[in-house]
1. Filter segment 7-21 down to the residues that are among the hydroxyl-bearing types (Ser, Thr, Tyr) and surrounded by 10 or more Cβ atoms within 10 Å (Cβ to Cβ) and list them by number.
2. Please verify whether Ser12 is assigned by TED's automatic domain parsing to the domain that holds Lys108, among the hydroxyl-bearing types (Ser, Thr, Tyr) and either assigned to a helix (DSSP H, G or I) or at pLDDT 90 or above (or both), treating the condition exactly as stated.
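The values are calculated or read from the model by the stated rules, or taken from the named source; none is laboratory data. Predicted, not measured: the structure shown is a model, and the values here were computed from it. All Cβ positions, glycine included, derive from the backbone under ideal geometry; neighbour counts span all protein chains shown.
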Amino acid sequence: MRHLHQLMYMGSHGYVVNNKFETLVTSENLERLKDIPILFIHGEKNACYAPESTMMSFDSLRKHFGGDNYQRWVFGEYGHLDCWMGKGSYMEVYPKVEQHALDTIVRKGLRKSEPVSEVNGQGKT
């Protein structure tokens, strides 16, 4: 129940907190996100968190670090968890997430570029 209370607190106060309900939105924590590519996805019909919440985070990171590492997609007719579990998410959302992951991994040099079929084990035999 503590976690639910904490989630409700964050939702009503507009920022994330630790287990002591202290804000995690600090300059020090923001600096820890530097150079980490982030893709924000949001359902336009999300009744739990308004789309403006990811826009605020997106804008804040871009203002602080520049815009190269951040993307944001809002999907119409999707609710709170629909981006991950919705009827059409595998066709609309997953390709955007996959492309972001591949662009990020290749661009950052974390893994050499390989065809997706070889990455997921479906390469030539």
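1. Across segment 7-21, the qualifying residues are Tyr9, Tyr15.
2. no
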